[in-house]
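Asks: I'd like to ask some things about the structure below.
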Amino acid sequence: MTEYKIALVGFGGVNRGLAQLVADRNAEWKASLGFGIKIVGVTDIFLGSIVAKEGLDAKQLVALPLEKGALAQMPGGTAEALNEAVIKHSGADMIAEATFTNPVDGEPATTFCRWALESGIHVVTTNKGPIALHGAELKDLARRKGVAFEYEGSVMSGTPVIRLARQALAGVEVQGFEGILNGTSNYVLTRMKDGLTFNDAVAQAQQLGYAEADPTADVEGFDVRLKVVILANELLNARLSVSDVACSGISSISPEDVAQASANGASWKLIGCANREANGSVRASVEARLLPNAHPLAGISGATNAVSFNTSLLGAVTVSGPGAGRIETAYALLSDIIAIHTTHGK
Ligand SMILES: NC(=O)c1ccc[n+]([C@@H]2O[C@H](COP(=O)([O-])OP(=O)(O)OC[C@H]3O[C@@H](n4cnc5c(N)ncnc54)[C@H](O)[C@@H]3O)[C@@H](O)[C@H]2O)c1
Ligand SMILES: N[C@@H](CCO)C(=O)O
């Protein structure tokens, strides 16, 4: 029976969610998926780090208090985040990289991915920065080293989008897409319709584990811009940079705007889209749009996301599901591990 040794880099909501899944379902996975997972290392700038080649108790990790240096409370743990040592020397077959998304330069997560790939260690990540900003380089490095670089959770959390479009829509040309690609901003717009203030709705999204460390990235559209770049480059071969995508958010939408839209049978939505132009180039944007309630994306509420692909043979193909959430996004990491088991499994 294959048992993958994994090191968790960043131990916030998502990787704690993965530890929770391991604690609850590892035995079941051995029967249903043909492999188990052993957590051999954890490193987090706030909590510290720990390595245990024989495997850590996932339940104990999930119960770790949210206190600075808390990993030092476990035998063999330290309050220091020894990121490089945990990534390169914990004996892991793969790392789950889930530190903060840095929308400006993708660091330090990109360096963490490079360290792993250069060491012949697979990477699964939910972090949008490394893919949107350094995707081509990291994919090439992974290819050269014969390991996997998987990032399903970078767009629409655990809802299958990237692999689905790449595999299930292979042979169908994707000419463009439009979607609601940020759980927090859609949650905020939905709750404002219910009468909550913008700030209270953002605070709720933070409590629910949807928001970025700096929620400005959610409400100003920067997070969607990264996702548009990832999808456009992945599915339209676009070679877009972040600066190619015009971007605005939802922070200027007032409670009065939301109420007036409702009264007129319409809803504000933050829409990310990309389309191939007649000359072959790809044009992409992120902006709040007022959609009539009959529009297929108008009824998508809360942290749910949806993306509609415009395809050559099938017309519109729309996928909808959770766009954020700790366990939902941890599932994306599991789906990446399943993909690695299929392509690289022993
Ligand atoms: N939460 C979601 O719904 C969701 C969905 C999809 C993608 N993501 C992405 O997944 C990643 C993790 O999300 P999360 O909700 O777990 O975030 P989080 O803020 O809860 O956790 C991030 C963790 O990374 C740690 N960290 C930050 N910088 C570090 C560094 N330099 N070295 C080591 N540890 C570091 C932090 O201390 C924190 O514990 C983010 O990049 C986010 O954009 C999140
Ligand atoms: N903060 C992001 C997490 C998922 O990428 C969102 O709300 O969509």
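Rule-based calculations on the coordinates, nothing more; no lab input. A quick note: this is a predicted structure, and the numbers were derived from the prediction, not measured. Cβ sites come from the backbone with ideal geometry, for glycine too, and all protein chains shown count toward neighbours.
Asks: Compute the acute angle (0 to 90°) between the alpha-carbon long axis of helix 183-193 and the principal axis of greatest extent of the alpha-carbon atoms of the chain; round to the nearest 10°.
Replies: The helix 183-193 is inclined about 40 degrees to the chain.
Asks: Students often get this wrong: which residues of the range 314-334 have the backbone nitrogen under 20 Å from the point 7 angstrom along Cα-to-C-beta of Lys30?
Replies: Output list for this probe position: 334.
Asks: Taking the Cα centre of the range 1-143 as origin, work out the dipole magnitude from +1 charges on Lys and Arg Cβ and -1 charges on Asp and Glu Cβ, in debye rounded to 20.
Replies: Value, rounded to 20: 260 debye.
Asks: Computed over the Cα atoms of the chain, what is the ratio Rg over Rh, Rh following Kirkwood? If you can, show how the numbers build up before the last one.
Replies: Numbers: Rg = 20.2 Å, Rh = 20.6 Å.
Taking Rg over the Kirkwood Rh, I get 0.98.
Asks: Can you run phi through the Karplus equation (6.51, -1.76, 1.60; θ = phi - 60°) for the range 258-274 and list ³J(HN,Hα) in whole Hz, with x for Gly and Pro?
Replies: 5, 5, 5, 4, 4, 4, 9, x, 9, 9, 7, 9, 8, 10, x, 8, 8
Asks: Something else about it: For Ala79 paired with Ser243, estimate the spin-label separation in nm (one decimal), with each label point 7 Å from Cα along the Cα-to-Cβ line.
Replies: 4.2
Asks: Enter the angle in degrees (range 0 to 90, nearest 10) between the Cα long axis of helix 222-235 and the first principal axis of the Cα atoms of the chain, meaning the one along which they spread out most.
Replies: 80
Asks: On the Cα set of the range 121-238, report Rg and Dmax in Å, please.
Replies: Cα only, the range 121-238: 16.0, 53 Å (Rg, Dmax).
Asks: List the residues, sorted by chain then number, that are 5 or more residues from Cys247 or on another chain and whose placed amide H is less than 5 Å from its amide H.
Replies: Val286
Asks: Given labels modelled 7 Å from the Cα in the Cβ direction, how far is it in nm from Glu107 to Asn199?
Replies: Label-label distance for Glu107 and Asn199, simple model: 3.5 nm.
Asks: Using +1 on the beta carbon of Lys and Arg, -1 on that of Asp and Glu, and nothing else charged, what's the dipole of the chain about the Cα centre, debye to 20?
Replies: 780
Asks: Related question: So if I place +1 on the C-beta of Lys and Arg and -1 on the C-beta of Asp and Glu, and nothing else carries charge, what would the dipole magnitude of the range 212-346 be about its Cα centre? I want it in debye, nearest 20.
Replies: So the magnitude is around 460 debye.
Asks: Compute the distribution of all C-alpha to C-alpha distances in the range 61-156, in bins of 5 Å from 0, and list the percent of pairs in each, rounded to whole numbers.
Replies: Final binned percentages: 3, 13, 22, 22, 18, 12, 8, 2.
Asks: Let me ask another. Ser252 versus Arg289, label points 7 Å from Cα toward the beta carbon: distance in nm?
Replies: It is 1.8 nm.
Asks: Viscosity 1.567 mPa s, temperature 4 °C: Stokes-Einstein D of the range 50-104 from its Kirkwood Cα radius, in µm² per second?
Replies: Working: Rh = 12.7 Å.
The estimated diffusion coefficient comes to 102 µm²/s.
Asks: With axes computed from alpha carbons, what is the tilt in degrees of helix 109-118 against the longest principal axis of the chain, rounded to the nearest 10 within 0 to 90?
Replies: Helix 109-118 and the main axis of the chain meet at about 50 degrees.
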